[in-house]
Structures are given as structure tokens and as C-alpha cells.
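Enquirer: The structure that follows is given in the form of C-alpha cells.
The values are calculated or read from the model by the stated rules, or taken from the named source; none is laboratory data. A quick note: this is a predicted structure, and the numbers were derived from the prediction, not measured. Using ideal geometry, Cβ is built from the backbone for each residue, glycine included, and neighbour counts are taken over all protein chains shown.
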């Protein structure tokens, strides 16, 4: 038995340090690295499941080709030769943008950028932009601040109040939860705003149930109260912001009584929140769900505005903490991806890829390469995604298991797991440490690292010299100027985890990276992109305020949250307890429909349906249905059978939570 330090690769807030036990060339146990300064030895079940993923009997271990509807094992030479020939043929006949690189962010390794290098050297491709997960919020903070930057985890010790807004940290950000428990003992006041009473709400001093999608409206209400009580930070507003007059006009356009009705939050609570924000420093930690609406970008911008008006920008213990993209920006992505080599390009917003595949005419999509994702389960509007992928001549999937997407493919290439390849890992969501992940075991069967696969394809397509580097050389390429600061691969290997040189309290000098150099209540960047840069009164697209007829037909709001034991769709096939669709409903729906726990129900709308077993939420806003995302078709199907593929108000996010449904007992 030998013990090694390693790192979690999962696309997650926490980016944990691991201690991994290896025996006879096999991973036998994963635990937390107690020396990691943020994760401190605690890891979640999703991280521990990486042992099962590596050792699972049903892993794909050999290249597969679909022949007459059935997969047959082929050699790597055959697979690479045929796929490279198809890539070259499509490029010659239709142009390189007839190839779509469909991906997501299943892995947080630096070398997941290598496919971009491949397609840039290939001459270009149709790329995906935005994000299903957090695209609206990142773009929103780019409009307001010039970047999406969060305070360091330890800065919470400087907070007097903490607002957890739409983020269930017990499920998605467990180390922030540990910090919350600690600062609560020191007297910090904790408030949770969320449609659902969750594990985080259990430790809060107050829980505020809010109508889904109305978070921005509540922010307007709190701002109104700040202004009415004369509690705004006048110095910050006058000297370091632009567009405040437009914000005042917006707050004047709606009454507190209207806000109470729309949000399900009483006036007294709104006033209390205004006092909490003004009696800072008050830290706001935002979740991802509330920006997955048609009004999602505007929602994040309104909460940003609230943080700014109350004087909690750029101060220790404050912050509008959403993402922390300054972490990923520490690396030299251009050195790894070679964007200058691209000759042509086209971009589809990630959520819209199915519709764009089906409607692309001038240059049709003839081939799809899928890496680091499972679009047949994770991309909204499953029926449309399936139709789109089936319409394409050739689909190639790099995978470890026979996912819904892999089952639809023409070629499936077996990909190595985290412990079978070397990389460095980080997350642009929470803390600022980069972690080292060594190769600990040989890949099983004929599985290969993604870097090897892209390198072999490049050789066959005539640009192999651009890939004549070792993994270590690629990593050093990506480290770029960090090495001049002493952050070398050798140091990361030696320490296991190294802090990156980011701002621990962003905007502390009140110097913003917007075009004006100030915090922008009215965004000039938004205007440059063709949008109305002002903050607005926007509602979810599927709500009684936007579509009364639809809301009467489908009266319940569907929330599609992350499963507790699987990072998206990754572990459903490995955990028997996950292999049933769970339909959580608010108490009022249970009473209205006469539903009891374990009753079977059908949840449906015009896009599709899904069946599952009922559980009743302990406490929540009314009219809520909640189903975990990521379920495989063979276990009941993805909740994305119900969700919309439309994009958010700023063009870069999904509208997964902007979804009305009906429900009936079976």
C-alpha cells in the first residue's frame, strides 16, 4: 500500500486536495488531504466516487465503432485513421466549421484546453460559448465590475453579516459551510434566501423563502428601503459608480407592495435586509440557480447593485461573490490553445447547440466531436438534442462510460480517469489554490488520456509538430508568467497545492475594469454588445407576469438542482440509490393533489414529461417541484425532457430554471 497526494478534478466550487491509497497498481481508497489550507481533509461523496469510476467493471476500455446499430470493438489505429479521415473530408467539402466541438466542464484540469489547441491548428471549428451552468452570472458581473471576482474564503472572518442567496452550500460548496459554522460561533449573522429550505438554512439565523426567479425583484425592494432610510453609501456611489440615476428610476417604477406580492417576502423582512446590508461588512454569496432564467443576468446585476449601494464592494468581509474567474485567468490559455492559428470560426451558445445544429444551413454541421460532457443528458430540451445529434453524419465521443451521449455516437473513444494521467487542477468558483494531480496508476485496458487522443489525431491531419510536447511541457506552457513569480510545476508538485496571485479582496482600490473604470449600474459593455445597459424590471419568461396563459396551464415552477452524490450525470450508474427519479414537491401541491410520499407522478409540459416518486419538501415557497438533474435515460430519463433551450437575457446563459410544469398522480 502506497499513499499519494492528489487532487479532485471535478467541476465544483471546492477543488479539494486528496490523499489516495494505491495497492498493486490499483486505486483502493480516496480521502481528504488534511494539509490543504481550504479543504482541510474533508471531501464529499462525489470525490470519493472517483475510485469506483476508475475501477468500475462497466468502464469503456477499448475503442468502439457502431456497425449496423451495434457497437463493435476496433483498434486504435482503425479508430484514429477513420476519424481523422472524416475530419479532413468534412473540412475539404464543407469547411472546418461544419465540425462542432461539443463540450462541457466535467474536468477542472488545465489540459482540458488541449482540444481547443487541436481545433485551432485544424483551422477552426464551430465552438460553444457561454455556459449551461453559470454563463449569465459571469457575463452580468463583467458588465458591472469588469470581471467576476470573489473574496478569498478566509475573508469571511471579516464579515459581520453573511447572506447566502440561492446557494445550498451543504450540497455544492461544503467547505464554505464549514466556514459558516465557524463564524456563526463568533457571532456572525447568517441569512439564507432560497425557494427551498435546505441544509444551509438549518444553521442560519433567518431563512427567507422566495418565489423562484424573483430574486432581482427582492434586490430592488432592498435598494428601495436603503434609499428611503438614507442608508446608502453616498461616497462610493458618487465617486466610484456610473448610472445611479437610472437605478433610482427603476426603483421608483415599482412599489414595495408589488414587490411583496411577487417575491413572497413581507415588507418587514425587506426592511430588515436593508438594515443588515447597511450594517456591514456584509458578504453575499450567490448561487447559480437564480441566473438560469430568462431574466438571469439582470438578477445577478441587481444583487451586484444592492451590494454596491450598501457599501459592500471592495471592503474586507463584503463582496458580491458569484464566480472567481480571476483564478483561471492566472494561466496562459493562449499559449496552450494557439488562437492565432484559427482560420475560420463559428460559435453557438451552449444551451442552443441543438437548435443551431438543426438550422445551420450555409455551413451545415456534418460531424460532432464530444469531450468532457454528456449533452444528451445535460443540455436543455433533451428531445431536441437527440434529434440534432441523430441528424449529423458522424458523432465521436470521448468517454469513460456508456452515457446517453455515448450510446448515440458512431465512435466511442475510451478516456483515462484523473488518476491515470498527470495534470493540475483549479476551480474558478471559490478558492484560489491550484492543486497537483500526479499519474498514480496505468490506464485500464486501452483507455488513453484525452491529450494522447488529440495528439494522435493531429499527427494524422498534418500538424503533429504542434503536439510534440510532454504533459509536463504542456502544463509549463499553461503556467506562463506564473513561473516568473516562482509558481513552477516543480513547486506545485512539491507542495501539492499553491496559492495563485489573485486579489483576495477584489476591487479594494475601487478601480474597476469596466470601460469607465467605475462600477456600472448602467453597463457600457452591455450597450456595446447591443443590449440595453440599464438595470431593468424583468421576470422569468415562464411566469404569470410574462405568460399568464402558460402559467394557468402549467402552474408549478420546476427547479432542477444538483444531485447530492453525483457531479451532474457522472455517478448515477454507480449508485443504486440514485437510479429512481425523485420528485420533491411543496406542501401546498401535495395537499392540492392529494399526494403522499412515494406516490408515482407524471411531471409534464409542452416539451416532454418524466415520471417519478414523490417526496414532500419540509419548507419552501409554494408551487415548487424539484427534480435532480443528470438522471440517465435507462433510469427514468433526464429532467431536461422538460426544460427550455432558450438563452438568458444577456445571451450567454441557460434558462433551465425558467420552467413551468403540471403534475398528476399515476
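Enquirer: Looking at 386, 390, 378, 353, can you tell me which residue is outside the structural domain of residue 659 (by TED's automatic domain parsing) and either touching a strand residue (DSSP E or B) at 6+ places or on another chain (Cβ under 9 Å) or modelled with pLDDT under 95 (or both)?
Expert: Exactly one residue qualifies, and that residue is 353.
Enquirer: Next question, about the same structure. Name the pairs: first residue in the range 377-402 and on the phi > 0 side of the Ramachandran plot, second residue at pLDDT 95 or above and in a loop (DSSP other than H, G, I, E, B), Cβ to Cβ under 9 Å, at least 6 apart or on different chains?
Expert: Close Cβ pairs satisfying both conditions: 381/607; 381/642; 381/643; 381/644; 381/645; 381/646.
Matching residues to (1) closer than 27 Å to residue 526 by Cα; (2) in the same structural domain as residue 301 (by TED's automatic domain parsing); (3) in contact (Cβ under 8 Å) with a residue 24 or more places away in the chain:
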site: 231; (1), (2), (3): no, yes, yes
site: 241; (1), (2), (3): yes, yes, yes
site: 254; (1), (2), (3): yes, yes, yes
site: 258; (1), (2), (3): no, yes, no
site: 261; (1), (2), (3): no, yes, no
site: 265; (1), (2), (3): no, yes, yes
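A quick yes/no check of all residues on (1) part of a loop (DSSP other than H, G, I, E, B); (2) in contact with a helix residue (DSSP H, G or I) (Cβ under 6 Å, 6 or more places away or on another chain); (3) modelled with pLDDT under 95:
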| site | (1), (2), (3) |
| --- | --- |
| 265 | yes, yes, no |
| 269 | no, no, no |
| 272 | no, no, no |
| 277 | no, no, no |
| 298 | no, yes, no |
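Enquirer: In the list 584, 520, which residue meets the criterion of being within 20 Å of residue 656 (Cβ to Cβ) and touching a strand residue (DSSP E or B) at 6+ places or on another chain (Cβ under 6 Å)?
Expert: 584
Enquirer: Something else now. Could you list, in sequence order, all residues of the range 330-369 that are part of a loop (DSSP other than H, G, I, E, B) and farther than 21 Å from residue 120 by Cβ?
Expert: 361, 362, 364
Enquirer: Looking at the range 592-657, what strands (runs of 3 or more DSSP E) fall wholly within it and have at least 2 residues that are under 22 Å from the mean Cα position of the chain (by Cα)?
Expert: Strands (runs of 3 or more DSSP E) meeting the threshold: 624-627.
Enquirer: Right, here's the next one. Has the range 302-315 got any residue that is over 17 Å from residue 236 (Cα atoms), touching a residue at least 24 places away in the same chain (Cβ under 8 Å) and in a loop (DSSP other than H, G, I, E, B)?
Expert: Our first condition is that a residue be over 17 Å from residue 236 (Cα atoms); within the range 302-315, this holds for none.
Taking every residue of the range 302-315 in turn, none turns out to be over 17 Å from residue 236 (Cα atoms), touching a residue at least 24 places away in the same chain (Cβ under 8 Å) and in a loop (DSSP other than H, G, I, E, B).
Enquirer: Given the residues 166, 199, 213, 130, which is the only one that is out of contact with any strand residue (DSSP E or B) (no Cβ under 7 Å at 6 or more places or on another chain) and at positive phi?
Expert: 213
Enquirer: Then there is this: Limited to the range 140-170, what total is found for residues that are under 24 Å from residue 567 (Cα atoms) and touching a helix residue (DSSP H, G or I) at 6+ places or on another chain (Cβ under 7 Å)?
Expert: Looking only at that region, the number is 8.
Enquirer: Do we have any residue at all in the range 126-149 that's more than 22 Å from the chain's Cα centre (by Cα) and either crowded, with 20+ Cβ neighbours inside 10 Å or not assigned by TED's automatic domain parsing to the domain that holds residue 374 (or both)?
Expert: Residues of the range 126-149 that are more than 22 Å from the chain's Cα centre (by Cα), as a first pass: none.
Checked against the condition, which is being more than 22 Å from the chain's Cα centre (by Cα) and either crowded, with 20+ Cβ neighbours inside 10 Å or not assigned by TED's automatic domain parsing to the domain that holds residue 374 (or both), the range 126-149 yields no hits at all.
Enquirer: Another question, then. Any residue at all in the range 56-63 that's touching a helix residue (DSSP H, G or I) at 6+ places or on another chain (Cβ under 6 Å), surrounded by 15 or more Cβ atoms within 10 Å (Cβ to Cβ) and closer than 30 Å to residue 325 by Cβ?
Expert: No, because not a single residue in the range 56-63 is touching a helix residue (DSSP H, G or I) at 6+ places or on another chain (Cβ under 6 Å), surrounded by 15 or more Cβ atoms within 10 Å (Cβ to Cβ) and closer than 30 Å to residue 325 by Cβ.
Enquirer: Looking only at the range 600-632, which residues are free of Cβ contacts under 8 Å to residues at least 60 places away in the same chain and either in the same structural domain as residue 383 (by TED's automatic domain parsing) or touching a helix residue (DSSP H, G or I) at 6+ places or on another chain (Cβ under 6 Å) (or both)?
Expert: Listed by number, the residues that qualify are 610, 616.
Enquirer: Look at the range 223-246 and say how many of its residues are in contact with a helix residue (DSSP H, G or I) (Cβ under 6 Å, 6 or more places away or on another chain) and not in a loop (DSSP other than H, G, I, E, B).
Expert: 6
Enquirer: Among the residues of the range 269-278, are any surrounded by fewer than 21 Cβ atoms within 10 Å (Cβ to Cβ), in contact (Cβ under 8 Å) with a residue 12 or more places away in the chain, in the same structural domain as residue 517 (by TED's automatic domain parsing) and in contact with a strand residue (DSSP E or B) (Cβ under 7 Å, 6 or more places away or on another chain)?
Expert: Yes, that holds for at least one residue.
Enquirer: Exactly one condition in (1) crowded, with 21+ Cβ neighbours inside 10 Å; (2) in a helix (DSSP H, G or I) is not met by residue 283; state its number.
Expert: If we test residue 283 against (1) crowded, with 21+ Cβ neighbours inside 10 Å; (2) in a helix (DSSP H, G or I), just (2) comes out false.
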